[in-house]
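The values are calculated or read from the model by the stated rules, or taken from the named source; none is laboratory data. All figures in this text were calculated on a predicted structure; none of them were measured in a lab. Glycine also receives a Cβ, built like all others from the backbone with ideal geometry; neighbour counts cover every protein chain displayed. The protein model used for the area step is the full one, side chains on, heavy atoms only, and it has no ligands, DNA or RNA in it. Shrake-Rupley method; radii C 1.70, N 1.55, O 1.52, S 1.80 Å.
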Amino acid sequence: MTAYTDTELMIARAAQELENDDTTLVGVGVPNLACNLAKRTHAPDLEMIYESGTIGSNPSRLPLSIGDPVLATNARSVVPMTKGFGYYLQAGRIDVGFLGGAQIDRWGNINSTVIGDYDDPTVRLPGSGGACEIASNTDRTIIIAPHSRRRFPPEVDFVTSPGYVGGRDNRAELGLRGGPEAVITDMAVMHFDDDGEMTVDSIHPDVSKADVAEATGWDIQFASDLDETRPPTEDEIALIRNELDPDGVYTGGDD
Amino acid sequence: MTAVVDMDDAIARSIEDGQSVYLGGFTHLIPFAAGHEIIRQGYQDLTLIRATPDLIYDQMIAAGCASAVTFSYAGNPGVGSLRAFRRAIEDGVPNELSIDEYSHFGLVSRLEAGAKDLPFVPLRSYVGSGYPDHNDSIRMVANPYDDDVDEIAVVPPLRPDVAVVRAQRADDEGNAHLWGITGEMVEAAFAADTVVLSVEELVDRDVIRSDPNRTAIPGTIVDHVVEEPYGSHPSYAQGYYDRDNVAYLEWDEISETHESTTEWLSEWVHGVDGRREYVAKLETERLLDLQPRTNFSTPIDMGEY
């Protein structure tokens with residue numbers, strides 16, 4: 001059994017959330033690797049869209065930003081942002097979106113705007129980009145982030161991207177489509193219960209319930225049939241290392 | 001009347017202190033040469049507009065050109081923070097910077113409203129987010145029609161005083177062929193009062209007319225045309241040169257302090273008299289490393305009627 005890194009596990013696990021006929025809005029880094037891994041394994045027909053407006057991208061090498069030229073070459077189509085966000089995302093033509101953030105709360109609300117007060121921030125983060133629209137308009141979002149108490153507070157300082165807001169009913173009443181489907185961290189995989197609250201579904205090998213509870217800022221729930229997360233297979237590790245990220249840009253640093 | 005001019009002329013004739021300026025591009029075709037010329041000419045109090053402020057705005061902020069930024073994602077794409085932008089917001093260095101913040105669709109919808117001369121554009125966003133509480137320009141309005149949407153977010157038009165946009169090629173009338181990622185650039189050009197078009201190469205009018213569907217920016221909205229090869233470096237021009245990703249990684253270190261940032265500006269902006277000297281300073285090998293292999297699109301038959 002080949003030793004794998006946390007990042008490789010997250011990539012392989014995120015890829016499992018994708019189905020063959022999905023259309024997905026891809027981000028750089030782990031989401032991009034997860035989508036490309038899914039495309040080369042169980043989801044060859046996965047349609048990859050980037051918020052820069054490239055539709056059906058088929059990158060020949062690892063893109064280093066969502067505006068990388070490799071995403072436009074040999075794409076199905078390249079459209080202005082008004083159309084990518086309007087005709088595709090807002091019109092309900094994108095199934096899955098990937099999100100990350102500096103803070104994520106129990107309802108899957110995400111903050112990527114500021115830590116502290118908006119007008120006098122402790123840390124000024126990049127902001128939404130397309131995240132607010134991705135969270136509002138895809139059928140399901142997959143959140144990928146390292147697990148720590150600071151990153152998973154009881155309440156986010158600013159809602160950049162709405163999750164279940166204050167609960168599943170609340171989101172539906174606001175008229176938002178979809179919602180968070182899974183949260184994949186370096187410790188565990190969470191889904192959302194009937195009320196829209198984050199619940200631990202599986203814990204990664206060598207991680208304990210106590211570790212996860214300690215790294216979460218609220219009293220997080222665990223599923224009654226708690227599983228161990230499936231580690232990446234030999235094939236998945238080989239694909240990531242040899243083809244998807246051969247220079248270890250995103251997968252070389254940890255562990 | 002469109003005129004072909006040099007970059008220093010185009011900037012001097014188009015921009016005044018205190019104006020709102022859009023420098024185009026979503027990662028692609030960012031007009032670095034124009035931004036550097038703005039720094040060299042010492043403009044102040046500008047409002048910088050773009051969905052993705054990127055390195056050129058970090059440089060302009062560090063140089064003291066800006067007092068406000070209208071944006072939706074202020075990061076070094078694929079790398080991390082925009083450090084000069086953060087220093088201005090968090091610490092007021094080198095000066096205070098006010099922000100007008102949106103999500104991507106909100107920002108591009110504002111430019112679309114500007115381009116179409118509409119009082120507002122609605123979008124399915126912002127519901128349940130913190131943005132309306134912190135930005136009075138984002139408002140909820142009642143749906144005037146009878147269906148399942150009661151309220152929808154709207155944003156007002158955004159009309160930059162000046163837009164500087166780049167394209168791969170244009171004729172001397174400013175009719176520009178664009179390909180690859182165009183982001184919100186075309187909307188911004190149509191929304192702006194004055195448009196400076198900077199291109200990799202000037203071509204005959206016949207080249208443009210042979211493929212009219214590719215003319216995303218018509219000369220009728222362009223005021224000045226500048227031929228500026230490599231004018232987007234370290235950003236890229238699809239089919240001409242790749243993004244200099246090393247430069248984006250290096251910027252993270254260069255911009256670590258205000259002092260190291262201004263040292264870089266002294267050498268690479270103030271220390272050269274224009275893009276030609278900048279390109280020479282980059283050296284041939286670095287530019288050759290950025291050359292893509294060719295991959296021509298199949299010609300179409302427009303028909304002769």
Checklist entry - Can you tell me which residues in the range A:53-68 are within 7 Å of chain B (Cβ to nearest Cβ), out of contact with any Ser or Thr (no Cβ under 6 Å at 6 or more places or on another chain) and buried (at least 23 other Cβ atoms within 10 Å of the Cβ)? => result A:Gly53, A:Thr54, A:Asp68
Checklist entry - Residues of the range B:232-241 being more than 17 Å from the chain's Cα centre (by Cα) and either facing another protein chain (nearest Cβ under 8 Å) or in a loop (DSSP other than H, G, I, E, B) (or both), which ones? => result B:Gly239, B:Tyr240
Item to check | Residue list for the range B:269-292, restricted to those being in contact with a helix residue (DSSP H, G or I) (Cβ under 8 Å, 6 or more places away or on another chain), surrounded by fewer than 18 Cβ atoms within 10 Å (Cβ to Cβ) and in a helix (DSSP H, G or I) | outcome: B:His270, B:Lys281, B:Leu287
Checklist entry - Can you spot a residue in the range A:177-184 that is under 20 Å from A:Leu25 (Cβ atoms), in contact (Cβ under 8 Å) with a residue 40 or more places away in the chain, surrounded by 20 or more Cβ atoms within 10 Å (Cβ to Cβ) and within 14 Å of chain B (Cβ to nearest Cβ)? => result yes
Checklist outcome for this item: Filtering the range B:196-217 down to residues that are within 25 Å of B:Gly106 (Cα to Cα) and over 12 Å from the mean Cα position of the chain (by Cα) yields B:Ala216, B:Ile217
Checklist entry - Which of the residues belonging to the range B:36-75 are surrounded by fewer than 24 Cβ atoms within 10 Å (Cβ to Cβ), under 16 Å from B:Leu265 (Cα atoms) and β-branched (Val, Ile, Thr)? => result B:Ile39
Checklist entry - Out of the range A:11-26, which residues are under 19 Å from A:Pro146 (Cβ atoms) and open to solvent by less than 20 Å² (accessible area, probe 1.4 Å)? => result A:Ile11, A:Ala12, A:Ala14, A:Ala15
Item to check | Wholly within the range B:123-231, helices (runs of 4 or more DSSP H) carrying at least 2 residues that are away from every other protein chain (no Cβ under 11 Å) | outcome: B:185-191, B:205-209
Checklist outcome for this item: Residues of the range B:98-114 being crowded, with 22+ Cβ neighbours inside 10 Å and facing chain A (nearest Cβ under 10 Å), in sequence order, are B:Glu101, B:Tyr102, B:Ser103, B:His104, B:Phe105, B:Gly106, B:Leu107, B:Val108, B:Ser109, B:Leu111, B:Glu112
Checklist entry - Given the conditions (1) within 14 Å of chain A (Cβ to nearest Cβ); (2) open to solvent by less than 20 Å² (accessible area, probe 1.4 Å), which single one is not true for B:Glu90? => result (2)
Item to check | Sole exception among (1) surrounded by fewer than 21 Cβ atoms within 10 Å (Cβ to Cβ); (2) part of a loop (DSSP other than H, G, I, E, B) for B:Val246, by number | outcome: (2)
Next on the checklist: Need pairs with beta-carbon distance below 6 Å; first residue part of a helix (DSSP H, G or I) and within the range B:1-26, second of a type in the set (Gly, Ala, Ser); sequence gap 6+ or separate chains.
Outcome noted: B:Met7/B:Ala33
Checklist entry - Using beta carbons and a limit of 8 Å, which pairs, at least six apart or on different chains, have the first residue in the range B:289-305 and within 12 Å of chain A (Cβ to nearest Cβ) and on the phi < 0 side of the Ramachandran plot and the second one assigned to a loop (DSSP other than H, G, I, E, B) and open to solvent by 80 Å² or more (accessible area, probe 1.4 Å)? => result B:Asn295/A:Asn74
Item to check | Selected residue (only one of A:Leu25, A:Leu33, A:Leu46 is in contact (Cβ under 8 Å) with a residue 60 or more places away in the chain and farther than 12 Å from A:Gly84 by Cβ) | outcome: A:Leu33
Checklist entry - Take the residues of the range A:201-255 that are among the hydrophobic types (A, V, I, L, M, F, W, C) and touching a Pro at 6+ places or on another chain (Cβ under 8 Å): which is surrounded by the most Cβ atoms within 10 Å (Cβ to Cβ)? => result A:Ile240
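Residues checked against (1) closer than 26 Å to B:Arg293 by Cα; (2) touching a residue at least 40 places away in the same chain (Cβ under 8 Å):
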| position | (1), (2) |
| --- | --- |
| B:Phe190 | no, yes |
| B:Glu201 | yes, no |
| B:Ala237 | yes, yes |
| B:Glu263 | no, no |
Checklist entry - Which strands (runs of 3 or more DSSP E) sit wholly inside the range A:71-170 and have at least 3 residues that are within 9 Å of chain B (Cβ to nearest Cβ) and of a type outside the set (Gly, Ala, Ser)? => result A:120-124
Next on the checklist: I want to confirm something. Restricting to the range B:64-87 and keeping residues that are of a type in the set (Ser, Thr, Tyr) and part of a loop (DSSP other than H, G, I, E, B), which single residue is farthest from the other protein chains (Cβ to nearest Cβ)?
Outcome noted: B:Ser72
